[in-house]
Structure formats: structure tokens, C-alpha cells
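Data block below; observations after.
The values are calculated or read from the model by the stated rules, or taken from the named source; none is laboratory data. Predicted, not measured: the structure shown is a model, and the values here were computed from it. We place every Cβ from the backbone using ideal geometry, glycine too, and count neighbours over all the protein chains shown. Surface accessibility is based on the protein's heavy atoms, side chains included, excluding ligands, DNA and RNA. Shrake-Rupley method; radii C 1.70, N 1.55, O 1.52, S 1.80 Å.
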Amino acid sequence: MSVCTLWRSSIVKKWLVAITGLVMVGFLLGHMAGNLQMFLGRGPSPEATKINEYAAFLKANPALLWGTRIVLLFSVLLHIVTTISLTRQNRKARPESYALRASVASNLASRTMIFGGLTLLFYIIYHLLHFTLGCVHQELFTYPDVYQTVLSSFQIPLISGVYIVAQIALYFHLVHGISSAGETLGVSHPRYRECLNRIGIATATLICGGFISIPVGVLTGLIS
Amino acid sequence: MKIHLKVWRQSGPNQKGRLEDLEVKDVSPDSSFLEMLDVVNEGLEERGKEPIVFDHDCREGICGACSLNINGVPHGPDRQTTTCQLHMRSFKDGDTIVVEPFRARAFPVIKDLMVDRSAFDRIIQAGGYVSVSTGGVPDANGLPVAKDDADEAFENAACIGCGACVATCKNASASLFVSAKLSHLRLLPQGKVEAKTRVLNMTQQMEEEGFGACTNTGDCEAVCPKGIAMKNISSMNVDLIKSLLQS
Ligand code: HEM
Ligand code: FES
């Protein structure tokens, strides 16, 4: 079975989308939990601040840091390549659209996965340039005082706004994505599917709510 | 009742089509949707015009020949009802009804509302059959089949291959059709023998016909006139991956 033959199967591609998607969901759960340390506030010195200690811990464990980064980069790239390939196949499958089309069961989230996904792609690039590489908003980049960088960034309403909007896009992507991934990977019984939908909504709410709480915390002065 | 129809007219496969407006008076609420179109066609013919071409055969909801996207939904507004079983009482006096052919690259329009669904036949030819020699009629209960399996196989055997799943899917995916055929055969002892090659061959043919992929939106299951369940698609996905790993 050659790679080309496998790549021709949309079902194989759907498996790749689902697995890489779930890997990213797993990462986001950890990333979100780590970031919530912003709420533990500033310590007596930048070095003794919880979130900075966490950042230093990651730096001190290159195997963990780079292992995660490589798996993530691979997942993101594979996810994007497969979803774009699938979306192109799907578009080609209906060259002439209906004058009138009504949706009976599908919701907005499931019909707009590629738009939400591409929004996330732009957001991820911006986010890395902002917090990881410090290329945009250089004046705000105070590494290794991560706490200060986050604080002064989110005090600017426009930056907070961008992050909040991105999380809303992520919420819609995950609300369909998580249950869809379960179905793609074989969760088939109607009773488990019902449960899967709830897991999807709960996980998406947890991840996006957790992330949004940080800019909101800064804007409301809870984090200062 | 009075109905305002907007019907897709297209003179041939490679011609440009358009929606044509037709006023239909004195429609009996008890007539079926296709009977209403029959009356419209009689009127058109009397006036020396081309009748509207549409597919139909049994007119009792069992053959899968009728199609039509009615007000944006394959087989119209009633759930688990084929177009031939849809009645005009499901509409209101004075309604505007938009009628379009099923649209997919794999279902090219032949004329007006009639599309070529032989892509489905070719998928069946690729593996939707049982080719073991079963011998004579077996003794009753000689080959036990679990009740749950028999029920599920039967539910999936109810697929009439109309193509509504493809027509409604935003991706024009044939996943529901193919997976129903696979489950129907896979669950029975006669069909188990070729299950592994069947899933490979039928899904490969599905791709070659130019259908889209599944996004699990759920529209297919909702419009299926026979209520075929989406869980078949999950089973198909798992069976395909298993077969690929073993081959
Ligand atoms: C970076 C840009 C991204 C793009 C372009 C993108 C695009 C897509 C598209 C188009 C689908 C639907 C595939 C289909 O069923 O037809 C999808 C599914 C999915 N995405 Fe993304 N996505 C992106 C990022 C993410 C991220 C960051 C996550 C997770 C945190 C994620 C998780 C998922 C999951 C779980 C699915 C469901 C898989 C399935 O239906 O089997 N995606 N993505
Ligand atoms: S004409 Fe046979 S199912 Fe409608």
C-alpha cells in the first residue's frame, strides 16, 4: 500500500485530520492550564513569579520543550495539508451550487470548519510572533519576565480583542471538531455519540473559557 | 390550492440551465408531488411546450428512482418520505416551491430535473455483492444470525440508493450510501467472507466517482427517506483502516 494510494482515500485523510486535531486539543488543555498561572500573580521578584518559574522549567527541559514543539509542528502542518486537500475535494464534488439549499441537521460550526481553521492559522502565526519570538510588539517583549509581557500586552484592548476573537473561532472549530473526530475514529453507537457531543462542548468551553479568562482578567484588573 | 413553482429547466447535459416560473392552479392537496408535476406537464404539452423531465418509477417509496431538491431539501419537507410519497397537503395555498435536480459532480444532469446516478451502480459493481456459492436453500436456523445483527442488516438493506444523502451533503459525499451497503452485507454470514476487500474496493470507487469526503454534519441522516443512520460511516472508517493495516 503506497503513500500515494493512501493519500487518495478521503477516509485515511479524515483519520489524519482527527488524530492531529486531537493531539492539538491535548496540547491546548495543558497549555491553557499552564497559562492560568497568570492568576497566581506576581511574586516578590520576576524570578519568583509562578508563571516565570514555569517558563524557566520548560527552558531547562529541552527534551520536553522540543519534543512537544516537534510533535505540534508536525500535527499542525499535517492537519492543514489534509484539511485543505479535503476541502478542495469537497468543493470539486459540487461544481454547480443550489439556488436554494436548506440545512436540516448541520449547524454553522460544522459548515464553516475551513474558515475557522484558517482564522486559527493566522492567529497561530501572530501568536508565535508575539509571545514566542517577540517579533511583533517588540516594546512589550520582556523575556524572561513572561508575566510582564502578558500583562502589558493584554492591557492593550486591541491585542486582548484579537485573542478573544481567536478563542471564539477556536470554540466553534472544537465544538464540531471534537465530536466529529470521535465519529471519524469510530465512535458509532447513538448513545455514545450523544455523550461525545457533550464531551465536545465541555472540552471546547473549558479550553476557550480558560484562555479567554486571561485577557479578561488583565482588562478587569484581576491580574495586575 | 394555488402554487407558484420555480423549476430548474436544462435542455441537455452540457447546456446552461435556469429556474423557470410556473403558476399552477387547482392543485389537489391530496395529489402527490409527482402527480402535481404530471398535471403541470399535461398543461405544458397542451400548450405545445416541452414537459418537465423528472425521474420516477414505483411511486410507492421503494425503488429510489424519484429525486428532486424541493425548497432546498432532497425529497422535500417531510422526514423519511420520498418525493413520490410527498403530498401537496404538506404545502400551503399560495406557496412558492423551488424544485432543483440533485446536484453533484458525480450526478450530472441529463435533462431538467433528471440526473445520472449510475455512479452508485458502479460503486455496487465494485463490491456491493456476495459472490460465494451458497448452494441450495439452507435449512431454517441452520445458520444462526444474532437478532441485533439481523435487525441492523435489515435496516441498512432498506437503503433505496436514491442519492438524497449526496444531494444534501455540503461536500456531496456518498459516505452514507456506501456505508449502508457495507453494513448491510458485513453483518450477515454470507457477506462477511468478502468484507475486507469490499470496503477497500467500494470506497476506492467512491473516490474515483468524484464524491466529496464526510464532515460529520449529519444532514445525510436527517434527509434519508429510509432513516439510514450515520453510525455506519464510523463503522466504514474503522473497517477501512483495519483492512488497510492488514493488506
Ligand atoms: C491551523 C489551522 C487549522 C485549519 C486550517 C483547520 C482546518 C480544519 C478543517 C477544514 C476541518 C474539517 C475537516 C472535515 O471534517 O472536513 C478540521 C477539523 C478538525 N480540527 Fe482543525 N484546523 C486548524 C487548526 C486546528 C486546531 C488548532 C485544532 C485543535 C486545537 C483543530 C482541531 C480539529 C479537530 C479535532 C477536527 C475534527 C476532525 C474530524 O472531523 O475528524 N484544528 N480542521
Ligand atoms: S418513485 Fe420509487 S421511490 Fe419514489
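Figures for the structure shown
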{"quantity": "The range B:3-110: relative contact order as a whole-number percent, Cα under 8 Å and 6+ apart", "calculated": "32"}
{"quantity": "Charge-dipole axis of the range A:3-220 as Lys and Arg at +1 and Asp and Glu at -1 on Cβ define it, positive-most pick from A:Gly116, A:Pro44, A:Ile159", "calculated": "A:Gly116"}
{"quantity": "Environment charge of B:Val109, counting only residues whose C-beta is closer than 14 Å and scoring Lys/Arg +1, Asp/Glu -1", "calculated": "+3"}
{"quantity": "The range B:103-247, dipole about Cα centre (Lys/Arg Cβ +1, Asp/Glu Cβ -1), debye to the nearest 20", "calculated": "240"}
{"quantity": "Within the accessible area of the protein assembly as shown (1.4 Å probe), percent carbon and sulfur", "calculated": "61"}
{"quantity": "Relative contact order (percent, whole number), chain B, Cα cutoff 8 Å, 6+ residue spacing", "calculated": "19"}
{"quantity": "Hypothetical label at A:Val71: residues of the range A:27-60 whose amide nitrogen lies under 14 Å (7 Å Cα-Cβ projection)", "calculated": "A:27-31"}
{"quantity": "Cross-link pairs beyond the 18 Å C-alpha cut-off, checked among A:Lys13/B:Lys181; B:Lys196/B:Lys226; B:Lys181/B:Lys226; A:Lys14/B:Lys226", "calculated": "A:Lys13/B:Lys181; B:Lys196/B:Lys226; A:Lys14/B:Lys226"}
{"quantity": "Sites B:Thr96 and A:Cys4 - FRET efficiency at Förster radius 60 Å, r taken between beta-carbons, to 0.05", "calculated": "0.75"}
{"quantity": "B:Val137-B:Lys242 FRET efficiency (beta carbon distance; Förster radius 30 Å; 0.05 resolution)", "calculated": "0.35"}
{"quantity": "Heavy-atom accessible surface that B and A bury in contact, both chains counted, 1.4 Å, Å² to 100", "calculated": "3500"}
{"quantity": "Residue-averaged beta-carbon neighbours from other chains (10 angstrom radius) around B:73-81", "calculated": "1"}
{"quantity": "Cα-centred dipole magnitude for the protein assembly as shown, charges only on beta-carbon of K, R (+1) and D, E (-1), debye, nearest 20", "calculated": "1300"}
{"quantity": "11 Å beta-carbon shell around A:Thr83, net charge (K/R +1, D/E -1)", "calculated": "+3"}
{"quantity": "Residue with peak Gaussian network fluctuation, chain A [Cα springs, cutoff 10 Å], from A:Asn197, A:Asn52, A:Asn107", "calculated": "A:Asn107"}
{"quantity": "A:Tyr171 accessible area, assembled protein chains, probe 1.4 Å, Å²", "calculated": "70"}
{"quantity": "Reach of B:Lys49 by Cα under 23 Å, taken over lysines that are not fewer than 8 positions away in the same chain", "calculated": "B:Lys2, B:Lys6, B:Lys16, B:Lys25, B:Lys111"}
{"quantity": "Hits among lysines - C-alpha to C-alpha of A:Lys50 under 28 Å, sequence gap 8 or more where chains match", "calculated": "A:Lys59"}
{"quantity": "Area of B:His56 that stays accessible when all protein chains are in place (1.4 Å probe, Å², to 10)", "calculated": "80"}
{"quantity": "Computed FRET value (nearest 0.05) for B:Tyr129 with A:Leu158, which takes r as the C-beta separation and R₀ as 60 Å", "calculated": "0.45"}
{"quantity": "Kirkwood estimate for chain B, i.e. one over the average of 1/r between Cα atoms, Å", "calculated": "19.4"}
{"quantity": "Pairwise label distance in nanometres, A:His127 with A:Ile168, each label 7 Å out on the Cα-Cβ vector", "calculated": "1.7"}
{"quantity": "CD proxy at 222 nm, helix term only [per DSSP H run n ≥ 4: -39500 (n - 2.57); per residue of chain B; nearest 500]", "calculated": "-10500 deg cm²/dmol"}
{"quantity": "Peptide A:187-197, shielding by other chains (average Cβ, 10 Å cutoff)", "calculated": "3"}
{"quantity": "Residue-normalised accessible area of the range B:3-110, given per residue in Å² at a 1.4 Å probe", "calculated": "48"}
{"quantity": "Chain A: calculated mean residue ellipticity at 222 nm from DSSP helix runs of at least 4, using -39500 (n - 2.57)", "calculated": "-24000 deg cm²/dmol"}
{"quantity": "10 Å Cβ neighbours from other chains, averaged over peptide B:54-65", "calculated": "0"}
{"quantity": "Rounded D (µm²/s) - the range A:3-220, Kirkwood Rh over Cα pairs, Stokes-Einstein at 4 °C, 1.567 mPa s", "calculated": "67"}
{"quantity": "Aspartates and glutamates whose Cα lies under 16 Å from that of A:Lys92, excluding same-chain neighbours fewer than 8 positions away", "calculated": "B:Glu207, B:Glu208, B:Glu209"}
{"quantity": "Selected from A:His130, A:Gln89, A:His79, residue furthest toward positive end of dipole (the range A:3-220; charges at beta carbon)", "calculated": "A:Gln89"}
{"quantity": "Chain lengthening between B:Glu208 and B:Asp26 when straightened (0.36 nm per residue, less Cα-Cα)", "calculated": "60.9 nm"}
